[in-house]
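Inspection log for the structure reproduced underneath, given as structure tokens.
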Amino acid sequence: MDLKYKWKNGYRPSRDEAVKNPHLLDESQFDNEQDRKLAEESARKHLGVPAPTLDEDKPILPH
């Protein structure tokens, strides 16, 4: 199965790259942010990478 969108750097990222990078797809192919978010989720599923969560940037332990 192939993805119907263009990858950001012109090639399919490795799983490690996909986890670290918040944007996997080329931004110029989307008309709005909602379409881009849906495509990014689809790309992450395609690569087998978990989608980022809303509290991902918050520390686990209290300060």
Conditions: (1) in contact with a Lys or Arg (Cβ under 6 Å, 6 or more places away or on another chain); (2) open to solvent by 90 Å² or more (accessible area, probe 1.4 Å). Lys37 meets all but one. Number of the miss?
(1)
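Answer yes or no as to whether Asp31 is within 24 Å of Thr53 (Cβ to Cβ) and open to solvent by 50 Å² or more (accessible area, probe 1.4 Å).
no
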Taking the range 5-60 only, how many residues are over 9 Å from the mean Cα position of the chain (by Cα) and small (Gly, Ala, Ser)?
4
State whether one or more residues within the range 41-57 are among the polar types (S, T, N, Q) and surrounded by 10 or more Cβ atoms within 10 Å (Cβ to Cβ).
yes
In the range 12-24, is there at least one residue being touching a Phe, Trp or Tyr at 6+ places or on another chain (Cβ under 6 Å) and at pLDDT 90 or above?
no
Would you confirm, using the coordinates I've provided, whether Glu17 is assigned to a helix (DSSP H, G or I), open to solvent by less than 40 Å² (accessible area, probe 1.4 Å) and either free of Cβ contacts under 8 Å to residues at least 60 places away in the same chain or among the aromatic types (Phe, Trp, Tyr) (or both)?
no
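The values are calculated or read from the model by the stated rules, or taken from the named source; none is laboratory data. Worth saying up front: this structure is predicted, and the values here are computed from it rather than measured. With ideal geometry, Cβ positions are generated from the backbone for all residues, glycine too; neighbour counts draw on all protein chains shown. Please note that ligands, DNA and RNA were not included when accessible areas were found on the heavy atoms of the full protein model with its side chains. Shrake-Rupley method; radii C 1.70, N 1.55, O 1.52, S 1.80 Å.
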